[in-house]
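Since every read-out is calculated from the coordinates, none of them should be taken as a lab result. The structure displayed is predicted, hence computed values, not measured ones. Every residue, glycine as well, gets a Cβ built from its backbone with ideal geometry; the counts of neighbours run over all protein chains shown.
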């Protein structure tokens, strides 16, 4: 059974990590109640038993919801997992499986060592908090962004245990909690019952909301301590293009750093399944990103949660000012990608995170047991999302404004085989509800009729808009849609020393394209910085040597 839950090779890796990292003994208490979430109770108990069997540092105990200790600990939901409850107020309400398995492992190590993932600056501020804060982060096992948000919250609870409690709430197992707060998306964070943010928040934003109990806004004050850090190449964006460029640039001899403001992987991280990347017949998008990130991390520093504020060109190079530092670089590579396009209809913004979503992988799990959802769009992403939601168990309808799909033939065939209905020549005109989504108004453009359709969730996949604010501020030449214009043979932009790669350059939004452009951009930067422009022999020798 242990091998089924955690493969032997993974168990061995965890055991070795625990041996190296764990310092103090860690008490883990598990609370369950027969008849409530039984399958999740069983999985939780088995998981903790397996982990406890890998090290003598973990002391596991198992209890019944409603017993004396359960009441004392306020562990009244099944299952609940408490980590070091005599020292910290950290808990998982629901099974820490899937993506949250990573949160559990890191939390155990943080609780054992007292170390956190926060910067010294954030810890100093949080340690000074004098008011009580109860943090809830709603998560799902399929959400690639959730673990980072959970670990940020748990880190705060470790830094200031007297004032801060933190709870990772599995959204499907605790639907009543989620619906009561109007949370139908993950990660969503509530502090003292107040909504303080949807999605993964950079450390500075989370800290600000923790202190102020207000919805997040990007901070404008300077947070740039210390001496400037010199680099040959600063890469902004941690998707496939940026990670690939990091590997190639360092191997060619450039000092490099990758800055990612939210989470590694970009759109690939939330792609359920990738079937067209060479070397893999079928692989989860998040798994592919993890492999790329692990390889890139062997070569260079990757800073997640560091937001670029400003880039200026000075006599000694490009000054890249971020939320944490100033970098002086000889070259800058923009791999900032693109964000999902919005419909722009009434109710869309109001119900974002309350039934409206742009990420089926993140939020689809809540709708798995027969809930009614629509997917809006007709391209690869929309059809892949519809198939994913259907496979989860949701009742899916695809809504497309034309009478044909743009998706690949293979995806269209899969859609046909599943029998997912399609509303052709139809557009969503309004999203309706009270606290959460209840229905949508859909216009049939052929019949010129408007009807209201009862629905629980709206997943929007109608294309992307480029993240081009940095490019605009640098004065880069953009195309009519706002994508950065580049020389496709070199990935150089209109400004010398600035390069771009991946989705931010427009064109085909494919992983292999981003990877190819990332490597090309890195080698162009190497040529320019090393003074080897046009000397193909020297470039080839440098790459071979690297």
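Quick notes on this one:
- Sorted ascending by nearby beta carbons within 10 Å, beginning with the fewest, 251, 372, 448 become 448, 372, 251.
- Solution diffusion estimate, µm²/s, Stokes-Einstein, region 438-511, Kirkwood Rh from C-alpha pairs, 10 °C, viscosity 1.306 mPa s: 103 µm²/s
- Cα-based equivalent ellipsoid, the chain: semi-axes from gyration tensor eigenvalues, Å: 37, 32, 22
- Region 2-212 - percent relative contact order, Cα under 8 Å, separation 6 or more: 19 percent
- Once the chain from residue 43 to residue 179 is taken as fully extended at 0.36 nm per residue, the excess over their C-alpha distance is 46.5 nm.
- Rg(Cα) / (2.2 N^0.38 Å) computed for region 250-348, rounded to two decimals: 1.34
- Each residue in 196, 490 was given a count of other beta-carbon atoms within 10 angstrom of its own, and listing them fewest first yields 490, 196.
- Percent RCO, i.e. relative contact order, over the chain, from Cα pairs under 8 Å lying at least 6 residues apart: 11 percent
- If R0 is 25 Å, the Cβ-Cβ spacing of residue 465 and residue 429 corresponds to a FRET efficiency of close to 0.75.
- Cβ-Cβ FRET estimate between residue 417 and residue 71, R0 fixed at 60 Å, reported to 0.05: 0.70
- Spin-label pair residue 339/residue 408, simplified geometry with 7 Å Cα→Cβ offset, distance in nm: 2.8 nm
- Relative contact order for region 1-114, counting Cα pairs under 8 Å that sit 6 or more residues apart, in percent: 31 percent
- Gyration tensor (alpha-carbon) shape descriptor, region 1-84, a/c threshold 1.5: oblate
- Evaluated at q = 0.10, 0.18, 0.22 Å⁻¹, the base-10 log of the normalised Debye intensity for region 59-158, with identical point scatterers placed on the Cα atoms, takes the values -0.28, -0.92, -1.28.
- For the chain, share of DSSP beta bridges that run antiparallel, in % to the nearest 5: 45 percent
- Taking each residue as 0.36 nm, the span from residue 301 to residue 438 lengthens on full extension beyond its C-alpha to C-alpha distance by 44.8 nm.
- Net lengthening on full extension, residue 9/residue 87 (0.36 nm per residue, minus Cα-Cα): 24.9 nm
- Globularity index of region 108-160 is 1.19 (Cα radius of gyration / 2.2 N^0.38 Å, N = number of residues).
- Inter-label distance, residue 495 to residue 120: 3.2 nm, where each label sits 7 Å from its Cα along the C-beta direction.
- Whole-number Å³ per residue for the convex hull built on Cα positions in region 385-431: 81 Å³
- Divided by 2.2 N^0.38 Å, where N counts the residues, the Cα radius of gyration of region 128-183 comes to 1.21.
- Over region 356-462, equivalent-ellipsoid semi-axes from the Cα gyration tensor in Å: 19, 18, 11
- Based on DSSP H segments of at least four residues, each scored -39500 (n - 2.57), the chain has a per-residue ellipticity at 222 nm of -10000 deg cm²/dmol.
- FRET efficiency, 1/(1 + (r/R0)^6) with R0 30 Å, evaluated for residue 134 and residue 34 via beta carbons: 0.60
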